[in-house]
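All remarks here apply to the structure that follows.
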Amino acid sequence: MTPEDRHLLIINPNTTVAMTEKIGEAARAAAGPGTRITAINPVHGPAAIQGADDGAAALPGLYSLVEDVVESGERYDALIIACFDDTGLWTLKEKLKIPVIGIGEAAYHAAALLASRFSVVTTLSVSVPVLEENLDRNGLKRRCGKVRASEVPVLELEEASPGAINKIRAEIEAALLEDQAGAIALGCAGMADLAHALSAEFGIPVIDGVAAAVRLADVVLDTGGRDRFASGTPGARLDAVP
């Protein structure tokens, strides 16, 4: 399979279409030439995922959407879960025969490759325990200086107000001074369009999980990931594992 044959499915587990469109734009900007991106979201569930309760509420809609994709017979090479909480990620890794990558998972690994120590800047404090648990599950909790909450609600990022961006900036400054962080993972898909400007401003890698997941999907597929997760011709359909 060549990169030009690839089709990546990106699912935003919340129901906010504007955020899904922003995620799709970030993914297309990161994708290699010829790679197709399809970004979708469920129609039922929370408008934003902020903490464990929202994550649990999003699962029925997410799983139903994945089942619809399976039944449609549409062909994809990898699935990206575009919520930094990695909502439903581990269940879908077990159930699907194609690579499944979370944007939180991808951002953590990218940050760990770029710096010996990194921090996460996310939205609300209610999300911090979920992200700390995910860092532990990925084996990277000791590499993370701190998960920092900017106290910017997810949907406020749609407006990208100066006040919201300044709160994110303040947490990055604190991570540099207090955590000795050499890289920052932005802890929300809604922050995807801020990464490049913040990297330039602070002079360290500021990682958007959407771009990281798209690029890591290419790496996984280039290194034989398809043979491990799915059989058949390139673009084999999403098949559920019994």
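The values are calculated or read from the model by the stated rules, or taken from the named source; none is laboratory data. Model, not experiment: these values are computed from the prediction. In this analysis, Cβ positions are derived from the backbone assuming ideal geometry, glycine residues included, and neighbour counts consider all displayed protein chains. When the accessible area is computed, the model is the full protein with side chains, heavy atoms only, and any ligands, DNA or RNA have been set aside. Shrake-Rupley method; radii C 1.70, N 1.55, O 1.52, S 1.80 Å.
Things to note:
- Choice from Glu105, Glu74, Glu132 with maximal GNM fluctuation in the chain (Cα, 10 Å cutoff): Glu74
- Pairs from the list Lys93/Lys167; Lys22/Lys141; Lys146/Lys167; Lys141/Lys167 with a Cα-Cα gap above 26 Å: Lys93/Lys167; Lys22/Lys141.
- Counting only DSSP beta bridges with both residues in the chain, the antiparallel share comes to about 10 percent.
- Alpha carbon Rg of the stretch 1-129, scaled by the compact-globule rule 2.2 N^0.38 Å: 1.06
- Environment charge at Pro129 (Cβ cut-off 11 Å; Lys +1, Arg +1, Asp -1, Glu -1): -4
- Centre separation in Å (Cα based) which lies between the stretch 86-109 and the stretch 174-191: 22 Å
- Annotation: per residue accessible area for the chain equals 43 Å², rounded to a whole number [probe 1.4 Å, protein chains only].
- Neighbourhood net charge (14 Å Cβ-Cβ; Lys/Arg +1, Asp/Glu -1) for Leu177: 0
- Note on Cα Rg over 2.2 N^0.38 Å: of the candidates [x] 1.02; [y] 0.95; [z] 1.14, the value calculated from this structure sits at [y].
- Accessible surface of the chain, 1.4 Å probe: 53 percent of it comes from carbon and sulfur atoms.
- List Arg36, Arg75, Arg143, ordered by accessible area with a 1.4 Å probe, largest first: Arg36, Arg75, Arg143
- Burial ranking of peptide ranges 83-89, 194-200 (average Cβ count within 10 Å, highest at the top): 83-89, 194-200
- Total formal charge among the other residues, if their Cβ is under 10 angstrom from that of Ala29, Lys/Arg +1 and Asp/Glu -1: -2
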